[in-house]
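A quick write-up on the structure given underneath.
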Amino acid sequence: MGSATPPASPIRGRRGSDRKERLLRAACRVLLRHGVQALTLEAVAREARTSKGGLLHHFPSKARLRASLLDDQIDRLQRDLLRLVATDPDPRGRRLRAYVQAPVAPDPACDRPLILAALLSDPEALHKWQGFSDAWLGPDLNGIDPGRADAMRALVEGSWLALALGLGPADPARRAAALKDLLRLAQA
């Protein structure tokens, strides 16, 4: 006697990591459309077209979902940073220049500045981000005047926040010019 196989959902039947990735993308969409306050397990399950139980298998709590979303953004950012460093011919300051460019690089999976701004409202997430940022920028900022290093970091991270909040020039040409100036300042 054969049992009927239920129809495959968009999530069911895929490898665990693929399911987790799809759930994270659904969480991004919820966060971007409705804000961090709307990032609930129910909303993400609904967006992913899966059961709450299916979501709980990968993310047993809202806190774990948020932490995983931040980890995912840091992983994606780190891949972009490494790609930019690999293509920068000048070894002095290349990590800082990558840090200027990577957050504004288009990521088809998520709006990185907005996601980071939303997630960093949590003190634990902010602490994790600061550790990542310190570790990434440390090699380039060591040996630079500390005041200049702090100013560069503030300029770069402030530009991310401005993007996330829709501040600054809306005109793409003016944004490109601002990015060019930040890169010029990042020449060690």
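The values are calculated or read from the model by the stated rules, or taken from the named source; none is laboratory data. Bear in mind that the values here come from a model prediction, so they are computed numbers and not experimental data. Heads up: the accessible areas ignore ligands, DNA and RNA and are worked out on the full protein's heavy atoms, side chains in. Shrake-Rupley method; radii C 1.70, N 1.55, O 1.52, S 1.80 Å.
Quick look at the values:
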{"item": "In Hz, Karplus ³J(HN,Hα) per residue of the range 39-55 (6.51, -1.76, 1.60; θ = phi - 60°; x = Gly, Pro)", "result": "7, 10, 4, 4, 5, 5, 4, 4, 4, 7, 6, 9, 7, 5, x, x, 5"}
{"item": "Carbon + sulfur, % of accessible area of the range 73-188 - ligands and nucleic acids excluded, 1.4 Å", "result": "59 percent"}
{"item": "Gyration tensor verdict on the range 31-76 (Cα atoms; rounded if a/c is under 1.5, prolate if a/b is larger than b/c, oblate otherwise)", "result": "oblate"}
{"item": "Rounded accessible area per residue of the chain, 1.4 Å, Å²", "result": "56 Å²"}
{"item": "Helix axis angle, 16-34 relative to the chain longest principal axis, alpha carbon, degrees", "result": "70 degrees"}
{"item": "For the range 60-188, alpha-carbon Rg and Dmax in angstrom", "result": "14.7, 45"}
{"item": "Whether the range 118-188 is rounded, prolate or oblate, judged on the alpha carbon gyration tensor where a/c under 1.5 counts as rounded", "result": "oblate"}
